[in-house]
Structure formats: C-alpha cells, structure tokens
Amino acid sequence: MRHVAVIDIGKTNAKVGVVDAVHGAEIDIATQPNAVLPEPPYPHYDLEGLWRFILGALQRQNEKYGIDAISIATHGASIVLLDGDGNLAAPMLDYEFAGPDALSASYDAVRPDFQETGSPRLPLGLNVGAQIYWQLHRDAGLLDRIASVVTYPQYWSYRLTGVKNTEMTSLGAHTDLWNPQERRFSPLVGQLGIANKMAPAHIAARCTNVLKPEIAAVTGVLPGIPVASGIHDSNASLYPYLLALKGAFSVVSTGTWVISFAVGGHKKTLSPERDTLLNVNAFGDPVPSARFMGGREFDMVMKGCVRQASEEDVSRVLANRIQLYPAVDPLSGPFQDLKTGWSTDERALSDAERFAAASFYLALVTSRCLELIGAQGPTIVEGPFAKNHLFMKMLEVATGRVAESSKVSTTGTGLGAALLVSDTLKNPVEPPDTRAACRPDPSYLAYARSWFQQVDAKRA
C-alpha cells in the first residue's frame, strides 16, 4: 500500500489529499471551500457539491499516483439523516445556524446530564441532539422518513462503500448522543425516537470496508480497495501520537477550532461552562478535552491585516502590555462569560502589534484550556498555529512545560486518517523533547501574568 487518499472535510474547507505511505508525507492536495447553502428549509451543507469534488479529486489523483486505500475525516457536531433509499431524509443542517436555540428550554428538559455524556450544553446546533430535536419539531413527517442515522465521516464512507455506520469519535464530539464511559448510546436517542435508527457504532481504529464497484468505475480507482469508516478530524490529529508516545502529553490541534487533548494527565473535574468535555479517541476511550474557535477568532481580530511582526514590534507589545482579552467569539471556549476588549485603543494598533497581541491571546487561552483538563508533560501543537513562533513561545512560558511544533510534514488530520487504513504507513511522530521548559523570558512571563490577572479579575 503506497498511496492513501484522505477525504478531509473541515468546517471552512474541503480537501482530498494523498499520503505517501513510505515517507508518511502528504504529496498532493485538492481543496475547495465548504459552502453552506442559505436556501430553505434552513442553512445546510452542499453535500452533492462536495461529492462531485471528492469524485473528481479521486479520479485525478488516481491517474497521477494510483490510489491504494481511502480514509475520511470530517468536522464534528454533524450527523446525516437517511431515508429508506439511502438518500437524505432532510438536508444536513449547518451547526452554526441559530434555529435550534428557539427550542432550548424544551430540549434542555430531555437532554442527558453532563456527567453521563461529557458533552457540554452548547448554543446553535453545536449539540447534534439539539439539531435533531429541532428538525423533528419543525418537520412533522421527518421521523417517519428517517430509516437510518449516520455520523458525518461515515456518511462519506457510506457513499463510497454502501455500509452504514456511526463511529465513536464523532459520537463523542459533544453530540449528547453518547456515553463515553460506558461506550453506548445515551438515553437521548430513545427520547428522540431514533434508537432503532442509529447505525451500528464502531471504533475508528478497527472499522474498514471496501470500495463499491460503481465508485471504482467512476474514479478509475481499483474496486475493492480498503476504505476506512472514518474519524472526527481532531481525533485524527491525536491518533498518530497515541500510537507513538508513552506517558503524559497533550496535543493541541489548531485550525478553525483549537482543540486540546490531555493524555495521562491530572484527573480534573470537567466543567461544561468552561467548554471542557470528554472526547473519544480512535480506540473508543474517553479523553479530557477543551476547545475554542481560535482560528475563527484570529481571523476576526486580524481583519485581513498583515500577519507578521519584527522583534521591535514584539518588544513594544510586551513592554506596553498591549493585550487582547476574551472572548472574541463568546460561543465557545473557557471565557464565554466575558466580553472581549483591548487594553488600549484598538484604532491605534499597527498590523504588527495586532498580530503579536492576537498570537499571545491565542496562546494564553490555549494554556488555560490545558490547565482546565489537567494536562501534564510536553505539549505538541499541530496545524497552522504550530508555525507561529510567538504563539509557541508564549504557550511554553504560560504553561511552564515544553511546547513544540509537530514534526509531521503532513497535516495531523491527513496522517491520522491514513493510519486508520494502512498498517504499513510510516508514522513520523517522534518522542517530544525531554528537556525542561526553557527559562522563561521575563518580559513574556510578566505579560502572561498580567493577562491572567486581568482576565481572572473580570471573571471574579
């Protein structure tokens, strides 16, 4: 097995990459925006447009490399409702749509307790249970039309293989539908009337099917090649480290969402109000996690400004305590009770000052996320923030532990998804640096302490 195609559907962009199993590197990538269609019955994803993109990318990549296997990763907080013919029983709702909030009170009366699901109560459609509850109430005939329910990665594996599944990492992504400790559906599926419609739940690391002949004919890919059932994208980023590392460590997966995972850390009482939760890893085990929409916040703050800063710019930000306070996006993260603001007049900021302060902000929020989930040992940062040296330096200072960028040359999502389907793939994850955290730069340490004092005072 040489080339694994990875379908990676993120909230913002959809990608199909090719991972070279010999070198553990991504050698090709096709991408397009993940469009949300605004038309009735509610904002929903363009699944047919994505399907055309996926088939076209597989065809081109197979012609160039020869595809030996396919794997899938998608964003969480999503589910697909299928009718008896295997088609959509209803469009797949955009989880950022506010419609489900209209029924918050009645939904809260039926949803399971956080202690059972590890799933915090979130706004909009970020709890899949709230999505389904709202859809069933607005469409009286929907429950009868639903024949099966699949989690989002497994919708795409169903299109490729004809096999319907749900899977534990996606069920564990704050859906309210799963009990991570007992590895079973929560009582909510019965409350919603879909208990007998849920496709079987599988462990991501142990579920593979084969490509349908008709898809092989369309794409030119050999029929019968293995297709992984799929995985939640942030858990795909975690998977290579679970395979390679021992002891306590944490992984911070960055993108639109910044999701922190603590493996083998201090046992902490998780707080749904701080957006800490139990995720479920590729082996079906619960993992303390915390999240905030860091990539989205970064874009909101930067407003298209140039993203670079000189040493002089950084020194000025540190010395003058130019600070951004949470929560830029109050719909997620550990500071949802706070209103964002600057320590200075935002209008006077240069692009460089804005970039440095925003980078520090993201690192400080991430450090609080790690603290809340009991993280110990080194922190490995995967994704675009790993290339931001200001973020990395402030994260190490704020946590007092080694923080290092992932050395994986491909995206963690692509590598982790590919590892699900290839036992010959080279896993390039190496043990993290065993050095003690560097002696903190006094100016960074003073800045971090000042930031936390201000934020904690606002919360008091």
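Among the candidates S119, S104, the residue that is part of a helix (DSSP H, G or I) and either in the same structural domain as A199 (by TED's automatic domain parsing) or of a type in the set (S, T, Y) (or both) is uniquely S104.
On inspection, G377 does not qualify as part of a helix (DSSP H, G or I), in contact with a Phe, Trp or Tyr (Cβ under 9 Å, 6 or more places away or on another chain), among the small types (G, A, S) and modelled with pLDDT under 95. So, in region 1-27, of the ones that are at pLDDT below 95 and among the charged types (D, E, K, R), which residue ends up nearest to T424 (Cα to Cα)? Restricting to residues being at pLDDT below 95 and among the charged types (D, E, K, R), the top hit is R2.
Looking at S359, S406, just one residue is crowded, with 21+ Cβ neighbours inside 10 Å and closer than 27 Å to I29 by Cα, and that residue is S406.
Output the residues belonging to region 177-196 that are crowded, with 17+ Cβ neighbours inside 10 Å, closer than 19 Å to D139 by Cα and free of Cβ contacts under 8 Å to residues at least 60 places away in the same chain. Within region 177-196, V189 is the sole residue that qualifies.
For L136, state whether it is assigned to a helix (DSSP H, G or I) and either surrounded by 15 or more Cβ atoms within 10 Å (Cβ to Cβ) or free of Cβ contacts under 8 Å to residues at least 60 places away in the same chain (or both). Yes, satisfied. Examine region 88-104 for a residue that is among the aromatic types (F, W, Y), modelled with pLDDT of 95 or more and farther than 30 Å from R274 by Cβ, and state whether such a residue exists. Taking every residue of region 88-104 in turn, none turns out to be among the aromatic types (F, W, Y), modelled with pLDDT of 95 or more and farther than 30 Å from R274 by Cβ. Cβ-Cβ contacts under 6 Å between residues 6 or more apart (or on different chains), taken from a first residue in region 295-309 that is in the same structural domain as A327 (by TED's automatic domain parsing) and touching a residue at least 24 places away in the same chain (Cβ under 8 Å) to a second residue that is surrounded by fewer than 20 Cβ atoms within 10 Å (Cβ to Cβ) and small (G, A, S), are listed as A309/A352. Among the residues of region 71-85, how many are surrounded by 14 or more Cβ atoms within 10 Å (Cβ to Cβ) and either outside the structural domain of Y45 (by TED's automatic domain parsing) or out of contact with any strand residue (DSSP E or B) (no Cβ under 7 Å at 6 or more places or on another chain) (or both)? Final tally of qualifying residues: 3.
Restricting region 32-44 to residues that are touching a helix residue (DSSP H, G or I) at 6+ places or on another chain (Cβ under 9 Å) and under 18 Å from T74 (Cβ atoms) leaves a set whose member that is surrounded by the most Cβ atoms within 10 Å (Cβ to Cβ) is N34. At least 1 residues being basic (K, R) and within 23 Å of G295 (Cα to Cα) is the threshold, and among the strands (runs of 3 or more DSSP E) wholly inside region 1-43 those reaching it are 13-20. One residue stands out in region 380-426 among those that are assigned to a loop (DSSP other than H, G, I, E, B) and β-branched (V, I, T): the one that is nearest to R296 (Cα to Cα), namely T411.
Condition (residue is assigned to a helix (DSSP H, G or I) and assigned by TED's automatic domain parsing to the domain that holds L277) applied to region 427-437: is it met by at least one residue? No: zero hits.
The values are calculated or read from the model by the stated rules, or taken from the named source; none is laboratory data. The structure presented is a predicted model; accordingly, all values stated were derived computationally and were not measured. Glycine gets a Cβ as well: all are built from the backbone with ideal geometry, and neighbour counts include every protein chain shown.
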